[in-house]
């Protein structure tokens, strides 16, 4: 064996040994984190993700794509790109193509539609997402109003969690995340997630703040653990596994990441959610979906 061949085999052997570590499941996956367009924030975020052994679904607006796509590719073990498109934008399909070409795995946070989320006018967008195997992250429920003096064609009724039921049934190959547990339509959110195997929810936003004195409430809506019934799909070890972690960090306020993580842990512990189920909530479920062939 000549020296050149020996070096080549040694190199590829090292690559193969390193591959499992590079592809190892992280301890935490954040399904809902907004990029504010500031490279300095990105550095802080990467440091935080290294600290917690985490991955973030980074929500990127079209205007920021060119400036951040290389960083996402370079830090593929920490960042997963999501394109933050507007459903009513005249070039929405072109934007989806650009995000897909850049290796992005999803679209969201989809918000502020001029029609209901499940309106047929948005079908081409969902069809394109399904073709590309992209996740969809929807804002559901109440939405903030930071500039009340400016007229805006925004309606929370168009963004109800109930609108996702029809989308999930029409596009069964799309993995859907309903942000904010449909706040305040919590029972609807849980029931829709119960029947749709391709719908998950995050608890980001104000829900875990306003319910902090009544965390046991969540046991009443995630009720079907291990249930065997003709009136319910086969129950898993914990109904809480329809939840995924999402911080909803936006505007560069990275401190919200730790605050929301603490809220999740307090609620899940208060509800007696087993450690195995919690591991899926914080990482396992999304890791499996990301790596599903």
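We did not get these values from a lab; they are worked out from the coordinates using the rules stated. Since we're looking at a predicted model, the values are computed, not measured. Cβ placement follows ideal geometry from the backbone for every residue including glycine, while neighbour counts extend to all protein chains displayed.
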query: To the nearest 10 degrees, how steep is helix 65-74 against the longest Cα principal axis of the chain, on a 0 to 90 scale?
result: 60 degrees
query: In a GNM of the chain with a 10 Å cut-off on Cα contacts, which of 73, 212, 95 has the highest mean-square fluctuation?
result: 212
- prompt: Can you give the Rg and Dmax of the range 185-290 based on its C-alpha atoms, in angstrom?
  reply: 13.8, 47
task: Would you look at the GNM of the chain, springs on alpha carbons closer than 10 Å, and say which of 47, 56, 190 moves the most?
output: 47
Kirkwood Rh and Cα Rg combined as Rg/Rh, the range 38-147: 0.99
statement: Here the Kirkwood hydrodynamic radius of the range 228-293, Cα-based and in Å, equals 13.5 Å
Least to most buried among 118, 214 (fewest other Cβ within 10 Å first): 214, 118
query: How much length is gained on full extension from residue 258 to residue 63, taking 0.36 nm per residue of separation minus their Cα-Cα distance?
result: 67.4 nm
query: How many angstrom separate the Cα center of the range 56-111 from the Cα center of the range 243-286?
result: 23 Å
field: Cα-based helix-to-principal-axis angle, 3-22 vs the chain, degrees rounded to 10
entry: 20 degrees
- line: The FRET efficiency for residue 170 and residue 142, from their Cβ-Cβ distance with R0 = 25 Å and rounded to 0.05, is 0.45
task: At 4 °C and 1.567 mPa s, grab the translational diffusion coefficient of the chain from Stokes-Einstein with a Kirkwood Rh over Cα pairs, rounded to a whole number in µm² per second.
output: 65 µm²/s
field: Where labels lie 7 Å past Cα in the beta-carbon direction, separation of residue 24 and residue 220 in nm
entry: 4.3 nm
Computed label-point distance, nm, for sites residue 195 and residue 213 using a 7 Å Cα→Cβ extension: 3.5 nm
task: Can you tell me the 0 to 90 degree angle between the C-alpha axis of helix 39-52 and the longest principal axis of the chain, rounded to 10?
output: 90 degrees
- request: Within 10 Å of each residue's Cβ, count the other Cβ atoms and sort 224, 195 from fewest upward.
  value: 195, 224
task: Extending each Cα 7 Å along its Cβ direction at residue 47 and residue 115, get the distance between those two points in nm, one decimal.
output: 4.7 nm
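I need the semi-axes of the equivalent ellipsoid of the range 111-238: take the C-alpha gyration tensor, multiply each eigenvalue by 5, square-root it, list largest first in whole angstrom.
Ellipsoid half-lengths, sorted descending, are 25, 22, 11 Å.
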query: Most mobile of 26, 274, 90 per a Gaussian network model of the chain (Cα springs, under 10 Å)?
result: 90
